[in-house]
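Asker: Here it is: the structure, laid out below.
Laboratory data are not the source of any read-out in this text; all were calculated from the coordinates shown. Model, not experiment: these values are computed from the prediction. Here Cβ is always computed from backbone atoms with ideal geometry, including for glycine, and neighbour counts include all displayed protein chains.
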Amino acid sequence: MTNCGRYCCQVMAIVKAISRPLWTKSRKKITMSNVGVIGLGYVGLTTALGLASLGHTVTGYDTDHNLIHKLSEGDVLIHEEGLQSALEELSSLSRVRFIRKASEFLGADVEFFFICVPTPQSQTGHADLRFVFSAIKELSAVASKNSVIVLKSSVPFGAGARLVSALARPDVFVASSPEFLREGSALRDFMNPDRILVGSESESASRRVLGLFDGLDAPKIVTTKEATELIKYSSNAYLAMRLSFVNDLAHLCEKTGVSFRHVAEGMGTDSRIGSEFLSPGPGWGGSCFPKDTSALLSVASEFGVSLPLVEATVRANSQAIYRSVETIRQLAGGSLLGKTIGVWGLAFKAGTDDIRESPALKVIGQLLGEGCEVKAYDPVATAALGEGYRQVNSALEAVAGAHVLAVLTEWQEFAEIIPSCVADAMAVSNIFDARGILPANLWKPAVESLRSTGEG
Ligand code: UGA
């Protein structure tokens, strides 16, 4: 088999492993390009490996030298499904390489640069664009004529135009193409997007960017940079709003004794509502929803516009976290002082080791503040939370001697644990399943039978 043939087979194996069968049906011949990716966190690394899987040759750059060293050695430092094997395969095929200095882009004939650096929340609530401007400055010195700089980092309305001025390279195009991937399923989402969105002042630049994704079967939308900026923030704010509604409703269900699972099923079958993003939790978190809702509110206030629903969404989320603590307090007998709470889950969601803005950590912080001991277990995430807190190595160790078990992240392995083992190990069998993942038909009888025999 030729090198090219071998490459195609291996890449198809990666693509097949992470995409729905639909993808293979609409496989189109794509023009391969040289692509640079700046910033190699969740978004950047996924973008780099996703584009390399589609057949492009990708050069990844990050200012973190240790990260570049590890990636060059074939090690992915984050827990994210599919990235490790994709990196190994694509590195061995020389489809992806990593560099320490932006100047190494020179001479690599790069046609597209994807900026994927973080845009954290600043103290004023605005998005902090420091890293984006620094990337633009570096690219201004190395981008070749007619190349396209594609902004994937989430930026507020109007930022794209400011970046064009900062770039000061009229011979280089700037486009915006926000990403919609989720941590925990990032590569799968990259390969199976609901839509691909590009905005630029040049329609031909937008079309060139879309051409990179020709192999993907998804609606492709060409619009303005400004529209992409609002679409990204609005999408995240809308999803967060839905979750705040879900969490409030789950609370009502708990009070009325109605199963939220049944309500969600009944609502989700309405095609206008849809069944995704209807799972309750202790609150929503992560590196995106909290900062993007806040940044959208900041943008709106700059324009003298109030967004009461987004404000209520954020407020309802703080209340959801507080409510989780309140439920645990009630289960602990009205006071948390001196009680031991077993916690399952630290990550902001299952499938990732990311603890940024994790609702689990917020709940634990409040529990510790009320004087209880917390023993926590997570399959991949770690956190050091100070006095009264201990991270243990198994789910059963976390519940040993506990007065309450709180399930705060929806890892599948928690749903597979045998309830009687948990109830046996606990001081009192009080369970708060904030994610609704423990099968009630198995857990309820096990816990109730222990209570009735006075053992739990
Ligand atoms: C989110 C968006 O879903 C992505 O489309 C977007 O690209 C990304 O932000 C971003 O802006 O970079 P992510 O934060 O990775 O992705 O994860 P989500 O799956 O959206 O979860 C966010 C929070 O909502 C988590 O705390 C999660 O546990 C919670 N959630 C999600 C629920 O409580 N219930 C659900 O049904 C879904």
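Asker: Above 42 Å lies some portion of the pair distances; for the chain, what is it as a whole percent of all C-alpha pairs?
Answerer: Within the chain, distances greater than 42 Å cover 22 percent of Cα pairs.
Asker: Suppose R0 equals 41 Å. What FRET efficiency, 1/(1 + (r/R0)^6) with r the Cβ-Cβ distance, do D270 and A400 give to the nearest 0.05?
Answerer: Efficiency, from the Cβ-Cβ distance: 0.40.
Asker: Specify the longest stretch of the chain that does not include any exposed loop site, a site being one of the GluC sites (Glu not before Pro) with a non-H, G, I, E, B DSSP assignment and at most 12 other Cβ atoms within 10 Å.
Answerer: No qualifying site falls inside 74-275, the longest such stretch.
Asker: OK, next. Translational diffusion coefficient of the range 76-150 at 25 °C, 0.890 mPa s, Stokes-Einstein with Kirkwood Rh over Cα pairs, in µm²/s as a whole number.
Answerer: D = 166 µm²/s.
Asker: Also, I was wondering about something else. Just grab the label-to-label distance for A218 and A427, each label 7 Å out from Cα along the Cβ direction, in nm (one decimal).
Answerer: 4.9 nm
Asker: Based only on Cα atoms, what Rg/Rh ratio does the range 287-350 have, Rh being taken as Kirkwood's radius?
Answerer: 1.16
Asker: With equal scatterers on the alpha carbons only and no solvent term, can you work out the Debye log10 of I(q)/I(0) for the range 184-252 at 0.12, 0.15 1/Å?
Answerer: Each listed q maps to, in turn, -0.45, -0.63.
Asker: So, one more: Any idea what the relative contact order of the chain is, in percent, if you count C-alpha pairs under 8 Å spaced at least 6 apart?
Answerer: Relative contact order of the chain: 11 percent.
Asker: Report D for the range 257-331 in µm² per second (integer): Stokes-Einstein, Kirkwood Rh on Cα pairs, 20 °C, 1.002 mPa s.
Answerer: 146 µm²/s
Asker: Among DSSP bridges having both ends in the chain, what percentage is antiparallel? Round to the nearest 5.
Answerer: Beta bridges within the chain, antiparallel portion: roughly 5 percent.
Asker: Once both axes come from the Cα atoms, what is the angle between helix 440-452 and the longest principal axis of the chain, in degrees from 0 to 90, rounded to 10?
Answerer: Taking the Cα atoms of the chain, the angle to 440-452 is about 30 degrees.
Asker: Here is a further query. If one computes P(r) from the Cα atoms of the range 189-302, what percent of pairs lie at distances over 18 Å?
Answerer: In whole percent, the long-distance tail amounts to 64.
Asker: For the range 298-369, which chymotrypsin sites (Phe, Trp or Tyr not before Pro) pass both filters: DSSP loop (anything but H, G, I, E, B) and at most 12 other C-beta atoms within 10 Å?
Answerer: Those that pass, being in a loop and sparsely packed, are F303.
Asker: Sticking with this one: List the trypsin sites (Lys or Arg not before Pro) within the range 140-189 that fall in a DSSP loop (any state other than H, G, I, E or B) and whose Cβ has at most 11 other Cβ atoms within 10 Å.
Answerer: K145
Asker: For labels at S301 and K101 in the simple 7 Å Cα→Cβ model, what's the distance in nm?
Answerer: If labels sit at S301 and K101, their model points lie 4.3 nm apart.
Asker: What size of dipole, in debye to the nearest 20, comes out for the range 70-190 about its Cα centre when the only charges are +1 on Lys and Arg C-beta atoms and -1 on Asp and Glu C-beta atoms?
Answerer: With only Lys, Arg, Asp and Glu charged at Cβ, the dipole is about 500 debye.
Asker: Calculate, in nm to one decimal, what A312 and N66 gain on full extension: separation in residues at 0.36 nm each, minus their alpha carbon distance.
Answerer: Gain on stretching A312 to N66: 84.4 nm.
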